[in-house]
1. Identify the single condition in (1) under 26 Å from D11 (Cα atoms); (2) assigned to a strand (DSSP E or B) that V69 does not satisfy, given that it satisfies every other one.
2. Run P37 past the list (1) surrounded by 13 or more Cβ atoms within 10 Å (Cβ to Cβ); (2) in contact with a Leu (Cβ under 6 Å, 6 or more places away or on another chain) and report the number of the one that doesn't hold.
3. Among the residues of region 36-57, what is the count of those that are in contact with a Phe, Trp or Tyr (Cβ under 7 Å, 6 or more places away or on another chain) and modelled with pLDDT under 95?
Amino acid sequence: MSRKFEIEWPDFGVVVSVDLLDDENPELCEEFWQGLPFQTIFAGSMSAGEMLKIPVPFPMNLAPKEKLVFFPEQPPGTVVSMGWGGLLLKYGTVVEPFRLPRIAKVPGKLDMIIASNIFLICARLKLGSIAKLMILPI
């Protein structure tokens, strides 16, 4: 059974449950898990596509080349690590040609209601505001 965490936008009443991919990237998943829980802020992507950045308040190592995936080809609900920069959660089409390690995914297919809620939050935040984000182990 995989470890799980939640991404919560308390100001919007939106919660997304996510499975860690311990089998795929055990070291990065453990680093991330050891840093939970934490609170951060985020703003939606301005030009790179339908993804959101989750700033992580602790350092995470880089993954070896063989663990990198082409992010635009991953399904919505994929979470990748940016090393020190944080995480990216894909909720739709991404155009930036990132090669990053997957560390988590929304189980099953990303629910259209959740994806729509994330899109609306990001659209609102593109107007210049930021939102509180909670990352909690389940």
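The values are calculated or read from the model by the stated rules, or taken from the named source; none is laboratory data. Quick caveat: nothing in here was measured; it's all calculated off a predicted structure. Reconstructed Cβ throughout: ideal geometry from the backbone, glycine too, with neighbour counts over all protein chains shown.
1. V69 satisfies all of (1) under 26 Å from D11 (Cα atoms); (2) assigned to a strand (DSSP E or B) except (1).
2. Evaluating P37 over (1) surrounded by 13 or more Cβ atoms within 10 Å (Cβ to Cβ); (2) in contact with a Leu (Cβ under 6 Å, 6 or more places away or on another chain) leaves (1) as the failure.
3. Adding up the residues that qualify gives 7.
Yes/no matrix, rows are residues, columns are (1) modelled with pLDDT under 90; (2) surrounded by fewer than 12 Cβ atoms within 10 Å (Cβ to Cβ); (3) in contact with a helix residue (DSSP H, G or I) (Cβ under 7 Å, 6 or more places away or on another chain):
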| residue | (1), (2), (3) |
| --- | --- |
| K4 | no, no, no |
| P10 | yes, no, no |
| L21 | no, no, yes |
| P59 | yes, yes, yes |
| E73 | no, yes, no |
| A104 | no, no, no |
